[in-house]
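Below: one structure, written as structure tokens.
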Amino acid sequence: MNINFQMTTKIITGKDCVVNNSDIFASFGKKCIIVTGKSSAVKCGALSDVTKALEQNSIEYVIYDGIEQNPTFESCKKAAEIAESSSCEFVIGIGGGSPLDAAKAVAVLALSSHFGEKELFSACFDKALPIIAVGTTAGTGSEVTHVSVITDSNGNKKSFRHPLVFPKVSFGDAKYTMTLSDSFTRSTAIDALSHCVESYFNKTANDISRTFALRGCEILLKKMKAPLSKDALSFEDREEIYCASIYGGLAISVTGTAFPHAMGYFLSERKGIAHGNACGIYLEEFIAHCEAVCPDDMREFLSKLGVTKNELLSAIKNNLPEINVRIDEDELCELAPRYYGNKSLSKTPGSFDGDNAKELLIKLFM
Ligand code: NAP
Ligand code: FE
């Protein structure tokens, strides 16, 4: 047994946690940039809570609300230019994983305006503005990771990781998730479950990451026995699912992910599939792979959760929409090379390489 863990984020959850802890914002400076998406931060009430907290502390703010799903380097650069020219001292990300990941890139680019994509993705930096994360989905766990996934100018999702982009504070008020549609409620929960499962069986897992992963799974599996539905979830259910997503984030902050995430990216880039569904589509195959290469671990995992393999698979199927994606020979040839030498793929237990990825693409999509 071993433990290997670093965490520099103060995590605060609970109803009205932003306004009730507004004094925290004061320690980060007198001016900030709020980085968010098109409309959900307004719709769910997070933006007004944050601006109220800032106003209570006489902190000035500028808002950049141009972050799209699968955020692009270009929008992060635009937001960073505004942060720099407005002399912002910290960055607040409000949203799901897209604005939160974008906030991390903005925090870096605002202090290194000469950076292009190459410099950002190689994570060769030693400064970043402090980041405060306000989560509005219960899925990615980006609130507690030092990872940011950004779409480059070729349309490919790429990540960078650096301890400086761990949010300093992360607020999780589950009331914000009440405005999520049924489909995003489900896809973000699948993302959280995928993090927990990919982390638990990861080659780099240790005792603490497995503890987080198991707790996340335990909560999610209880809720996902039937399709999650916006109207049927109580605030308490939402708080639990939100916490499960944080457990998933803590788990992958240690281990990273495995082949479902590595192979899910192209489905979001090219086929418009929501991130959680794009990873979830591979989960059944991932579970079968883990059972084949580490049967004892799978038995222990299921027994600790008190579920059968079929119950685990049902929780996924209940919440995953039908995805009818097809790729042709040309697309396969274009996609396959990215899986040779891929780092996340190599964290899959046993052996899973570029050839295995290609076979799986053929099996699922051709
Ligand atoms: P998202 O892309 O942030 O948002 C999806 C959609 O949901 C957007 O249309 C958004 O609206 C809307 N939305 C967000 N919160 C809402 C709310 N409370 N009520 C109503 N609508 C809401 O979704 P996500 O699944 O949370 O994030 C996915 C991204 O995170 C992907 O790019 C993925 O690669 C990344 N990710 C990062 C990590 C990490 O460790 N850093 C881990 C997993 C995934 P708006 O457009 O108005 O915001
Ligand atoms: Fe994810």
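The values are calculated or read from the model by the stated rules, or taken from the named source; none is laboratory data. Predicted model, so just to flag it, every value in this text is computed and none were measured. In this analysis, Cβ positions are derived from the backbone assuming ideal geometry, glycine residues included, and neighbour counts consider all displayed protein chains. Side chains included, ligands, DNA and RNA excluded: accessible areas come from the protein's heavy atoms. Shrake-Rupley method; radii C 1.70, N 1.55, O 1.52, S 1.80 Å.
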Among the residues of the stretch 15-44, write down those that are open to solvent by 20 Å² or more (accessible area, probe 1.4 Å) and either in a helix (DSSP H, G or I) or of a type in the set (Gly, Ala, Ser) (or both). Val19, Asn20, Asp23, Ile24, Ala26, Ser27, Ser39, Ser40, Val42, Lys43
When you go through (1) open to solvent by less than 10 Å² (accessible area, probe 1.4 Å); (2) under 24 Å from Phe352 (Cβ atoms) one by one for Leu214, which number turns out not to apply? (1)
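Conditions tested, residue by residue: (1) within 16 Å of ligand 2 (Cβ to nearest atom); (2) not in a loop (DSSP other than H, G, I, E, B).
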| position | (1), (2) |
| --- | --- |
| Ala105 | no, yes |
| Val108 | no, yes |
| Leu111 | no, no |
| Phe115 | no, no |
| Leu120 | no, yes |
| Asp126 | no, no |
| Val134 | no, yes |
| Gly139 | yes, no |
| Glu143 | yes, yes |
Only listed residue being touching a residue at least 24 places away in the same chain (Cβ under 8 Å) and surrounded by fewer than 18 Cβ atoms within 10 Å (Cβ to Cβ), chosen from Ser229, Ser253: Ser229
Looking across the stretch 269-288 at residues that are outside any loop (DSSP other than H, G, I, E, B) and open to solvent by less than 10 Å² (accessible area, probe 1.4 Å), the single one that is nearest to ligand 1 (Cβ to nearest atom) is Gly276
Which pairs do you get when a residue that is without any contact (Cβ under 8 Å) to a residue 12 or more places away in the chain, found in the stretch 118-144, comes within reach of a residue that is not charged (D, E, K, R), reach meaning Cβ atoms under 8 angstrom, with the pair 6+ apart or on two chains? Glu119/Ser112; Glu119/Phe125
